[in-house]
Amino acid sequence: MAARAILDRAGLQEVAVKEVGGHLTDHYDPLKRALFLSSDNFHGTSLAAVGVSAHEAGHALQHQAAYAPLKLRMALVPVTNIASQAWLWITVLGFFAPSLFVTCINIAVAIFTVITISSS
């Protein structure tokens, strides 16, 4: 398995590689120190499966190296969790409070921007 080989070569034997259900669910979880690969990529031998596995393993290497953008993204996770719930309700509030419509829409757009940046 490509991900395991990359992690082992980098001295990251403690990072688990686990299979996760779904499609396009591949990700590295820095809090759990685990790499999750969809079944197709976990068991796959195609160039695409190896590429996805290597990409996700790269995030673990970034974590090991204390890569600044990854640290920033990790810091934004709590904000993103709140924002994921709040932006829709702020938008709805704008529809029911016409005097606040523009302000609410601007806040919702700003929140959605944070969500988009932090999930990239």
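Quick note: the coordinates plus some simple rules give every number you see, no bench work behind them. The structure displayed is predicted, hence computed values, not measured ones. Heads up, the Cβs are rebuilt from the backbone with ideal geometry, glycines too, and the neighbour counts pull from every protein chain shown.
Quick look at the values:
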| read-out | value |
| --- | --- |
| Gained length - residue 34 relative to residue 4, 0.36 nm times residue gap less alpha-carbon distance | 9.7 nm |
| Cα-projected label distance for residue 48 with residue 20, points at 7 Å along beta-carbon direction, nm | 1.9 |
| Region 69-118 pair-distance distribution - Cα-Cα, 10 Å bins, rounded % | 29, 44, 20, 6 |
| Estimated vicinal HN-Hα couplings, Hz - region 79-93 in sequence order (Karplus 6.51, -1.76, 1.60; Gly, Pro = x) | 5, 5, 4, 5, 5, 4, 8, 6, 4, 5, 5, 5, 4, 4, 4 |
| Label-point separation, residue 64 to residue 110 (7 Å along Cα→Cβ), nm | 4.0 |
| Kirkwood hydrodynamic radius over Cα pairs of the chain, then Stokes diffusion coefficient at 10 °C and 1.306 mPa s, in µm²/s | 98 |
| Å³ per residue enclosed by the Cα convex hull of region 2-65 | 69 |
| Karplus-derived HN-Hα couplings along region 67-77 (A = 6.51, B = -1.76, C = 1.60, θ = phi - 60°), whole Hz, x at Gly and Pro | 4, 3, x, 5, 4, 5, 4, 4, 5, 7, 4 |
| FRET efficiency, residue 100 to residue 77 (Cβ-Cβ, R0 30 Å, nearest 0.05) | 0.55 |
| Ellipticity estimate at 222 nm from DSSP helix runs (n ≥ 4, -39,500 (n - 2.57)) divided over the chain, nearest 500 | -21500 deg cm²/dmol |
| Net dipole in debye of the chain [+1 Lys, Arg Cβ; -1 Asp, Glu Cβ; about Cα centre; nearest 20] | 240 |
